[in-house]
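See below for the structure under consideration.
No lab work stands behind these numbers, since they all come straight from the coordinates. Being a predicted model, the structure only gives us computed values, none of them experimental. A quick note on method: Cβ atoms are made from the backbone with ideal geometry, for glycine too, and the neighbour counts reach across all protein chains shown.
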Amino acid sequence: MDKDAQDRCGGDASTAPADPGQATKGLISNVKARMRALRRDGHAIFLATRDPRVSWVVKLLAIAVAFYALSPIDLIPDFIPVLGYLDDLIIVPLGIWFVIALIPEEVMRECRAKASADAQLTVSKAGAAAIVIFWISGAAVLGWIVFVRWIV
């Protein structure tokens, strides 16, 4: 390919990714890194709401963002295709970003460090087993109550 053809086509062929899958892997790893950072920041906000250096207004806003994220009631219902999930993907991260912007930087830095350290802790397999046993037992008791009440 001559120089003029390279200029018309947007550069030389060496700048294009050799493997299209490589670009996809990079995108996926970028999204995963952002999700880990969002999870860490969520935990850091939780820790910051317990810090006396954070004003009560910011604490109230953080609670409101958490309630919106966990609430089954949305501004745009989830059964509306695309828009229902899009509001969760836009409003919740914007709320988290806004709360982070209002928290003093030194407090947020300390809370992020603590949240990162907490994320490195090992997961208790005994605790996970206890929770699973609790839910299975609850489902079994509920099933037994339904069976006795309506079947027998």
*Backbone HN-Hα couplings from phi across region 50-66 [Karplus 6.51/-1.76/1.60, Hz, Gly and Pro as x]*: 8, 8, x, 7, 9, 5, 5, 5, 5, 4, 5, 5, 4, 5, 5, 5, 5
*Quick one: dipole size for region 22-121, taken about the Cα centre, charges +1 on Lys/Arg Cβ and -1 on Asp/Glu Cβ, in debye to the nearest 20.*
440
*Once you put a point 7 Å from the Cα of Ser137 and another 7 Å from the Cα of Ala64, both along the Cβ direction, what distance in nm separates them?*
4.1
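Where does region 19-152 land on Rg/Rh, using Cα atoms and the Kirkwood Rh? The partial results should precede the final answer.
On the way: Rg = 20.3 Å, Rh = 18.4 Å.
My calculation of the ratio gives 1.10.
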*Which distance in nm do the two modelled labels at Ala128 and Ser116 give, with both placed 7 Å along the Cα-to-Cβ direction?*
2.5
*Which whole-angstrom value gives the distance between the alpha carbon centres of region 75-91 and region 127-148?*
33
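For Trp150 and Tyr85, FRET efficiency with R0 = 41 Å and r from the beta-carbon atoms, rounded to 0.05?
Rounded to the nearest 0.05, the efficiency is 0.65.
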